Structure formats: structure tokens, C-alpha cells
Amino acid sequence: MTFQAAESRSAELRAELNQYAHEYYVQDQPSVEDFVYDKKYQELVEIETEYPDLITPESPTQRVGGKVLEGFEKVVHDIPLYSLNDVFSKEELITFDERVKKAVGHPVSYCVELKIDGLSISLKYENGVFVQGATRGDGSVGENITENLKTVKSIPIRLKEPLSIEVRGECYMPKSSFVKLNQQREEEGKEVFANPRNAAAGSLRQLDTRIAAKRNLSTFLYTLADFGPLESTTQDHALNEMARLGFRTNPEHRVCETIEEVWEYIENFHETRDQLPYEIDGIVIKVNEFSLQDDLGFTVKAPRWATAYKFPPEEAQT
Ligand SMILES: NC(=O)c1cc2c(N)ncc(C(N)=O)c2s1
């Protein structure tokens with residue numbers, strides 16, 4: 001194959017394979033069978049092997065890792081990651097709602113979202129390209145885990161638009177992957193992970209990026225930190241924008257007009273969470289309008305416009 005033919009064919013394959021990967025890992029709606037993907041992937045590997053200069057950062061062949069890092073550099077978050085004040089009962093939730101209504105002077109709508117039990121991450125994009133991924137750390141300083149996050153298939157290497165933005169979310173290990181990983185570790189005589197959160201954290205702390213690549217980690221993004229040119233006015237709209245740009249967002253988010261509606265949502269997921277393919281440890285409730293979030297502001301460590309309802313710890317199965 002001539003270089004020119006290889007150049008156009010590899011560009012075609014990259015676009016096709018990245019679209020298939022978006023459908024599979026982000027939308028959970030694959031449009032082709034695995035063997036179709038694998039055959040095209042193998043063709044791209046052969047072209048890139050013959051012409052390494054044709055390899056690009058967003059080629060799907062770069063998702064498998066291969067770097068062994070010396071350590072993780074520190075990253076100072078331009079926009080600190082906040083913590084959430086927790087509530088543990090309906091009464092405390094109602095107190096939160098009363099306080100919000102008193103402060104803004106009228107009832108507000110809430111965007112409610114599942115609280116994913118994973119590892120908080122921050123993703124930075126420049127002109128649409130993924131340039132840095134970091135852990136939350138203490139909220140102000142985290143660790144640079146870009147190379148490991150590049151192997152997480154649901155994290156877009158290039159957005160659908162060339163935007164410079166920063167988003168935050170959770171990196172987690174699906175329950176099914178957690179069970180398989182622990183079975184494998186038991187067979188290998190290794191210590192098993194206590195829960196999917198620890199398994200996700202342990203995977204992202206690996207200095208050998210090939211290990212993270214094999215851990216089938218996934219993500220849900222939920223915060224637009226640096227909006228860039230985006231003009232969302234509500235949390236609900238921001239979630240839809242993040243999905244439009246290529247991020248994986250959780251489909252269960254809902255706008256509730258009253259705290260009663262929020263409580264129904266909480267009770268529903270408290271009962272049905274075992275059916276979810278990932279672990280949650282509560283529900284996050286945010287004032288939906290960003291202008292009202294700005295009016296309410298923050299306490300020393302947490303927003304006044306959000307709270308996390310934490311499920312009671314599950315009784316140990318006797
Ligand atoms: N500590 C935090 O601010 C948050 C933590 C989490 C979490 N673990 N899962 C989901 C959300 C969300 N949907 O906002 C948040 S927000």
C-alpha cells in the first residue's frame with residue numbers, strides 16, 4: 001500500500017472505529033458486532049505498523065496503554081473541586097430545602113443525580129483535545145493520571161467540537177468487572193479488592209498504563225467546571241451539553257419541582273439500586289438554575305446550593 005493510500009485509509013478507519021467505540025462505550029448502543037470492530041482495528045494496526053508516522057493521539061490503538069510512569073505529578077486545580085454537605089434523613093433534606101427557599105425568596109427546581117461510588121476526576125480539553133486528567137486529591141491539588149485516563153474507553157480523546165473546557169465526574173468500575181477482576185485475582189493468589197471503588201482507585205494508581213487499560217473502567221461526567229464558550233443556564237442543560245460533546249453522562253438525572261418529588265426519587269433508587277450495573281452511595285441534589293447557585297454561593301468547603309443524601313449503610317447480610 002502506498003503512503004497516500006495508507007494515509008487516507010487509516011484516517012477512514014480511525015473515524016469509523018472511534019464512532020463505533022463512542023456507540024459502545026459512551027452510548028451503550030453498539031451498531032456493529034465485535035468482529036466487525038476487531039477486523040477494522042486489526043487493519044489499522046497493520047497500516048500503523050507499516051507507517052508509524054500515521055499514528056495520531058486519538059487513534060484507537062493508543063488506548064491500550066504501554067507507558068510505565070515513574071510517578072504521578074501534582075496538578076493544581078484552577079477551579080477547586082468542592083465537597084458536598086451530606087444529609088441522612090428526609091427531615092434533614094426538608095431543612096436543606098427550607099434554607100434554600102429562605103435564601104432565594106421563592107421555591108426552586110432541583111436537578112437530582114445518582115451519587116456514583118467511584119473516584120472523582122477532572123478532565124481538561126484544549127481546542128477539543130483531551131490534554132489533562134487528574135484526581136480530586138484534596139480538592140485543590142490532585143495527581144496527574146492523564147496516561148491512565150487515556151485508556152478509559154468512555155473518555156473522549158477529541159470532543160465533537162473544538163472547545164477548551166474542563167469537566168468533572170466519576171471514574172468507576174462496573175459491578176460485573178469488579179466480580180471478574182476479584183475472581184481472577186483469587187485464582188492468581190492476589191489480595192482481592194473490598195469494593196468497586198477501591199478497585200477503580202487501585203487501577204488508576206497503577207504506574208503501568210497497560211494495567212489500567214485492562215480494568216474496564218468507565219465514567220459518568222456531571223460538572224461543567226470551565227464552561228469555555230458554552231452558555232448553559234441550568235445543571236440539567238449542562239448535562240445534556242456534555243453528552244452532546246461526547247461525554248458519558250448518567251441517564252437517571254431528573255429535574256424535580258418540589259422536595260417531595262426529590263424524596264420519591266431517593267426512595268425509588270434506594271429500593272432499586274441493586275439492579276444498577278454500578279454502585280451508588282446516595283443521591284446528589286442541586287439547585288438547577290446556575291444563577292441561583294451563584295446567589296447561594298459556598299460555605300468554607302461546600303456549596304449552599306447542593307447536598308448529598310447518603311443511603312444508610314446496608315445491614316450486613318446475616
Ligand atoms: N463531591 C461532589 O461534589 C460530588 C460527588 C459526586 C458523585 N460521587 N457522583 C455524582 C455526583 C453528581 N452527579 O453530581 C457527584 S458531585
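Within the stretch 61-98, if we keep just the residues that are within 21 Å of Glu126 (Cβ to Cβ) and part of a helix (DSSP H, G or I), the residue that is nearest to the ligand (Cβ to nearest atom) turns out to be Arg63. Restricted to the stretch 112-230, the set of strands (runs of 3 or more DSSP E) holding at least 1 residues that are farther than 24 Å from Phe72 by Cα comprises 218-226. Which members of the stretch 189-213 meet the condition of being over 18 Å from Gly133 (Cα atoms), more than 16 Å from the chain's Cα centre (by Cα) and surrounded by 16 or more Cβ atoms within 10 Å (Cβ to Cβ)? Listed by number, the list holds a single entry, Phe193.
Within the stretch 174-213, the set of residues being in contact with a Phe, Trp or Tyr (Cβ under 8 Å, 6 or more places away or on another chain) and either within 16 Å of the ligand (Cβ to nearest atom) or more than 16 Å from Gly65 (Cβ to Cβ) (or both) comprises Pro174, Lys175, Phe178, Leu181, Asn182, Arg185, Phe193, Asn195, Pro196, Arg197, Ala199, Ala200. Test Ser164 against the criterion of being in contact with an Asp or Glu (Cβ under 9 Å, 6 or more places away or on another chain) and away from the ligand (no atom under 13 Å from the Cβ), and give yes or no. It is true that Ser164 is in contact with an Asp or Glu (Cβ under 9 Å, 6 or more places away or on another chain) and away from the ligand (no atom under 13 Å from the Cβ). Taken over the stretch 279-303, the criterion of being within 13 Å of the ligand (Cβ to nearest atom) and of a type in the set (D, E, K, R) is satisfied by Glu279, Asp281, Lys286, Lys301.
Every read-out reported here was derived from the displayed coordinates using simple, explicitly stated rules and does not represent laboratory data. Computed from a prediction, not measured in an experiment: that's the story for all the values here. Don't worry about glycine lacking a Cβ; one is built from the backbone with ideal geometry, like all the others, and counts go over all protein chains shown.
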